[in-house]
Structure formats: structure tokens, C-alpha cells
Amino acid sequence: MLTMRTAAAAAAATALISLAAPAVAHVTARPDEATAGAYFQTAFNVGHGCDGSATVAVRVKMPEGVLSVKPQMKPGWTVEIKKRTLAAPQPSLHGKTITETVDEISWRGGPLPDSMYDTFGVNMKLPDTPGQTLYFPVVQECEKGTNRWIEIPAAGEGPEKLHEPAPGVRLKPKAP
Ligand SMILES: [Cu+2]
């Protein structure tokens, strides 16, 4: 029988485990911190399959405000890029006007066995909104089953309570 004290200790241990879990499990962005407004390269780390089944596709949705997106080319994987029209056209570095941006990237291939990990890189230009955390919902398709890493924490909450959190990238202010 659980006393109040052991229940609290168990809850604390669970909290610690869930805080530590994203480092070894789930799908996470590494690095997960960047300077707002900067060009940034990260990679989505796929640490396991779907309940033991090998991964055959990784689909990443790009959040609002992210521009100049380029996925990493990966041998053994076919890359598909879906675009969306921007609400407001943006000037580009080269004096042109950008009217669309990448909406979703899919890598299909592998299969990536559950016993191994892989990383799926993306280059992008970040919005100039320091203090914001950008979330990149990821759908992981496996030979059997699908993991939807699409949960976004409520304002003021961390991702540790979520079952399948979306990878996040925190935007820091520019150094003065
Ligand atoms: Cu996991």
C-alpha cells in the first residue's frame, strides 16, 4: 500500500524520469536553442521506432515564421518538400520577394531499426521573436504503427507531462 510519502516520492521520481527521457527517447531537435532571427541548423533525432517496429518515414511540419527551409539529403531516404503560400510576401537576402515557404518535409526510406538511431537535418531562418519556443510537429511512420509527436505544451507548462511532445526550439535574444 502506498503511503502519502512514498506516493509523493514515486511522483517525484516519475517527474525526473520524464524530464530525462527526451535526451534518449522520443523525437527531439538537437540543438534545441537558437538565436532569434538567425540562420539555424538543427536535426531531428529519432531514437526509437514505434513500439519496436522500424521507422520508414519521418514527416516534419514547419511552424509559422520559419523561412529558407532546406532539408538534409540523406542516402537511403527520399525527400519530399511541400510548400505553402505566405500570408504576407517577404523580401529575400538576394533582393527577390518570397511568396511561399516550406510547409512540410518528408523523408521516406530506411527502414531504420528500433535498435538504432538517426538524425534528420534542417537548415532554416528563424523568426525574430526572442522568448518564443517554436514547435515542429513530427509524424513517425513505422512498418507497424505510427507515432505522432505533435503535442504542444500549454502556456507556462513544460513538455515533460506530454505523452508524445512535439520537438521544440527555444529562441534566445541576440547577444548585445
Ligand atoms: Cu521516446
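FYI, it's all coordinate maths here, none of it is from the lab. Computed from a prediction, not measured in an experiment: that's the story for all the values here. In this analysis, Cβ positions are derived from the backbone assuming ideal geometry, glycine residues included, and neighbour counts consider all displayed protein chains.
Below is a table of values for the structure above.
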| quantity | calculated |
| --- | --- |
| Lysines with Cα under 20 Å of Lys172, excluding same-chain neighbours fewer than 8 positions away | Lys125 |
| Unsatisfied cross-links (Cα-Cα over 28 Å) in the set Lys61/Lys144; Lys82/Lys161; Lys74/Lys161 | Lys82/Lys161; Lys74/Lys161 |
| Per DSSP, loop trypsin sites (Lys or Arg not before Pro) in region 125-170 with at most 16 further Cβ within 10 Å | Lys144 |
| Choice from Trp77, Trp107, Trp149 showing the highest fluctuation, given a GNM over the chain with Cα pairs closer than 10 Å | Trp77 |
| Cα lying deepest toward the dipole's positive end in the chain, options Ile105, Pro173, Pro91, charges on Cβ | Pro91 |
| Under the Debye formula (equal points on every Cα, no solvent term), log10 I(q)/I(0) of region 63-162 at q = 0.10, 0.15, 0.20 Å⁻¹ | -0.37, -0.81, -1.21 |
| Reachable aspartates and glutamates from Lys174, criterion Cα separation under 18 angstrom, eight or more residues apart if same chain | Asp32, Glu33, Asp128 |
| Peptides ranked, highest mean first, by Cβ atoms within 10 Å: ranges 81-89, 55-63 | 55-63, 81-89 |
| Only Lys, Arg (+1) and Asp, Glu (-1) charged, at Cβ; the chain dipole about Cα centre in debye | 400 debye |
| Gyration tensor (Cα) of the chain, equivalent ellipsoid semi-axes in angstrom | 31, 23, 12 |
